[in-house]
Structure formats: C-alpha cells, structure tokens
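The values are calculated or read from the model by the stated rules, or taken from the named source; none is laboratory data. Values in this document were obtained by computation on a predicted structure and should not be read as measured data. Cβ placement follows ideal geometry from the backbone for every residue including glycine, while neighbour counts extend to all protein chains displayed. Note: accessible area is taken over every heavy atom of the protein model, side chains too, but ligands, DNA and RNA are not part of it. Shrake-Rupley method; radii C 1.70, N 1.55, O 1.52, S 1.80 Å.
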Amino acid sequence: MLDKIGKRGNRSSGSGEKGKVRFVGFTGHKDPAIHLKMLSYNYPFDAVQMPLNCFDATFRSFERQVLPELNKRGIAVICMKSLSGNADAVKKGVVTPQEAIRYAMSLPIATLVTGIDSLKVLRQNLASA
C-alpha cells in the first residue's frame, strides 16, 4: 500500500501539481512494536502520532523504543495522551495536568495534541506551555 502513495518526491507541493498527497504519517495507541514494524519498511513518513506521557518509561515504552528512532530519521513526532490516556493519574492526584503536559513538551516532539473540552482547559493548557 505504501508504494501506491509514493515517495516524497512524487507528492504534491501543496499547489497540486504532482499529486494529491502532501504529507504521510501513521498513528497507533497500544504497542510500540507496531510502530517499529511500520518503520521497518523504510517508507519516508513525514509524521507519526503516538502516546507519550510520564508513565511510559517501562511497559511498552514509546518513549524508549520509538521516539529515538523517529528523531534519528527526522520524522515529526505528534504526541498524544499526555495525561496517560484516561487521566486516572490526574484524577487520583498522582500528577497535575500541568506537570503531565510539561513532561510531554520536554520530550523531542513536534507538537502535542491535548483534549480540550472547555475554555478553562484551553487556558490551563496554554499556561502550561
């Protein structure tokens, strides 16, 4: 399937002259082994979205297994789940939302996607930045 999308040189420059795809990436939520398998095809991905948070250090660690490889290849990292998925740690007082967001932002990522369901949460996230 990846060969149908095309290499970076065959993609659109944004004005549509070569093709319809400008950037290609993938995402996953559960297991870094799946990300590493995707990367093993050596396709020139532009971005990868994955969960990164302060509880990711030991079990199925995207931070330890995938992040260094993406940085080595120059692939942009889109971070998600900075509050550890369902935010149980925040709800239980183990970590504050600000601490969790700052931790994720301290990693070598291109951007952080956060869930914002109110103006209050937006302001809180901006203050953390």
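If I filter region 108-129 down to residues being closer than 29 Å to Val24 by Cβ and surrounded by fewer than 17 Cβ atoms within 10 Å (Cβ to Cβ), which single residue comes out as modelled with the lowest pLDDT? Within region 108-129, the match that is modelled with the lowest pLDDT is Ala129.
Identify, please: which residue in region 93-102 is assigned to a helix (DSSP H, G or I) and open to solvent by less than 40 Å² (accessible area, probe 1.4 Å) and is, among those, farthest from Leu126 (Cα to Cα)? Working first, answer last.
Residues of region 93-102 assigned to a helix (DSSP H, G or I): 97-102.
Next cut, open to solvent by less than 40 Å² (accessible area, probe 1.4 Å) only: 97, 100-101.
On the way: Pro97: 12, Ala100: 13, Ile101: 10 Å.
Checking each candidate, the answer is Ala100.
Which residue pairs have Cβ atoms closer than 7 Å, lie 6 or more positions apart in sequence or on different chains, and pair a first residue in region 108-126 that is free of Cβ contacts under 8 Å to residues at least 40 places away in the same chain with a second residue that is open to solvent by less than 50 Å² (accessible area, probe 1.4 Å) and in a loop (DSSP other than H, G, I, E, B)? Listed pairs, sorted by first residue: Leu112/Ser82; Thr114/Ser82; Asn125/Thr114.
Select from region 55-65 the residues that are closer than 21 Å to Asn86 by Cβ and under 14 Å from the mean Cα position of the chain (by Cα) and write down the one among them that is surrounded by the most Cβ atoms within 10 Å (Cβ to Cβ). First the steps, then the outcome.
First pass over region 55-65, keeping only residues closer than 21 Å to Asn86 by Cβ: 55-63.
Adding the requirement that they be under 14 Å from the mean Cα position of the chain (by Cα) leaves 56, 61-63.
Working: Asp56: 23, Ser61: 14, Phe62: 25, Glu63: 21.
Per the criteria, the residue is Phe62.
Just one of the numbered conditions (1) modelled with pLDDT of 90 or more; (2) surrounded by fewer than 14 Cβ atoms within 10 Å (Cβ to Cβ); (3) outside any helix (DSSP H, G or I) is not true of Gly85; which one? It fails just one condition, (1).
Met105 falls short on exactly one of the conditions (1) closer than 30 Å to Val24 by Cα; (2) open to solvent by less than 60 Å² (accessible area, probe 1.4 Å), and that condition is (2).
Residues that are more than 13 Å from the chain's Cα centre (by Cα) and either within 12 Å of Ala47 (Cβ to Cβ) or part of a loop (DSSP other than H, G, I, E, B) (or both) within region 71-82 comprise Arg73, Gly74, listed in sequence order.
Candidates are the residues of region 28-53 that are part of a loop (DSSP other than H, G, I, E, B) and either within 12 Å of Leu67 (Cβ to Cβ) or among the polar types (S, T, N, Q) (or both); the one that is least open to solvent (accessible area, probe 1.4 Å) is Leu52.
Do we find that Val90 is of a type in the set (Val, Ile, Thr), surrounded by fewer than 16 Cβ atoms within 10 Å (Cβ to Cβ), on the phi < 0 side of the Ramachandran plot and modelled with pLDDT under 90 in this structure?
Values: of a type in the set (Val, Ile, Thr): yes; surrounded by fewer than 16 Cβ atoms within 10 Å (Cβ to Cβ): no; on the phi < 0 side of the Ramachandran plot: yes; modelled with pLDDT under 90: yes.
No: the conditions fail for Val90.
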